[in-house]
Amino acid sequence: MDDFSCPNLFFRRSLIKHLPIAGIDVGKRFSEMAVLSPDNVVVSRLKIFHDVSSNIDKAVNVLLKAEKDFAARPVVVMKSIGHYHKILFHSLCKAGFDVCVIKPLQTDSIKNLGIRKVKNDKVDARRIALLYRFQELKSTNIPNEELECLRSLCRQYFNLCDELTAYKNRLIGVIDQIMLNFTDGI
């Protein structure tokens, strides 16, 4: 798989009104999923714990049930939070769902719709799905797994180089304090 984004978002604009949409609010330990019917009624909610594969399987089953009920494959929209969304993202892509990853700044744009400011994961999951329905999203490109691994390795390499430089500077500082004229081997 190549880069992922909101698949089919631009040429399915007219069909968005007729699709079920699953909004997922991603957190560190778990994610909250809300599945909206084409008329914006929440038909299913699920708490998905990331470290339990059976929970991800339950999420896939809920999405398949929504596909059966509404005769259309649901689009999954999730908020990207650090690296916490990646396991769920790749699992849902492998199950064959269109997954759209959006930035948290975009989801914050809809939080002032109500009079009372309610902040909880269930409400946020529904709002994420509504954002997709309103067509107000710009997707985030998610690279394939190999590219993610290479980026992570490069990041770790440069972090280790920075730590090595810091240790060398500390050692030179201690040596300068003890032996003022020592310059060999550094």
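The values are calculated or read from the model by the stated rules, or taken from the named source; none is laboratory data. Because the structure is predicted, anything quoted here is derived from the model rather than measured. Note: ideal-geometry Cβ built from the backbone for every residue, glycine included; neighbour counts use all protein chains shown.
Tally time: how many residues in segment 31-87 are touching a residue at least 24 places away in the same chain (Cβ under 8 Å) and aromatic (Phe, Trp, Tyr)?
Final tally of qualifying residues: 2.
Quick check on LEU164: is it at pLDDT 85 or above and either at negative phi or loosely packed, with under 11 Cβ neighbours inside 10 Å (or both)?
Yes, satisfied.
Regarding LYS65, is this residue more than 22 Å from ASN144 (Cα to Cα) and either surrounded by fewer than 16 Cβ atoms within 10 Å (Cβ to Cβ) or aliphatic (A, V, I, L, M) (or both)?
For LYS65, the condition - more than 22 Å from ASN144 (Cα to Cα) and either surrounded by fewer than 16 Cβ atoms within 10 Å (Cβ to Cβ) or aliphatic (A, V, I, L, M) (or both) - is met.
Being within 30 Å of LEU36 (Cα to Cα) and either of a type outside the set (Phe, Trp, Tyr) or at pLDDT 85 or above (or both), is that true of even one residue in segment 173-181?
Keep residues of segment 173-181 that are within 30 Å of LEU36 (Cα to Cα), which gives none.
Scanning segment 173-181 turns up no residue that is within 30 Å of LEU36 (Cα to Cα) and either of a type outside the set (Phe, Trp, Tyr) or at pLDDT 85 or above (or both).
Could you please find all residues in segment 60-78 being in contact with a His (Cβ under 7 Å, 6 or more places away or on another chain) and within 20 Å of ARG127 (Cα to Cα)?
Taking segment 60-78 and keeping what is in contact with a His (Cβ under 7 Å, 6 or more places away or on another chain), we get 72, 78.
Correct list: MET78 only.
Mind listing just one residue for me: the one in segment 50-62 that is surrounded by 14 or more Cβ atoms within 10 Å (Cβ to Cβ) and not hydrophobic (A, V, I, L, M, F, W, C) and, of those, nearest to LEU19 (Cα to Cα)?
LYS58
Quick one: which helices (runs of 4 or more DSSP H) sit completely within segment 1-117 and have at least 1 residues that are of a type in the set (Asp, Glu) and modelled with pLDDT of 85 or more?
Result: 53-70.
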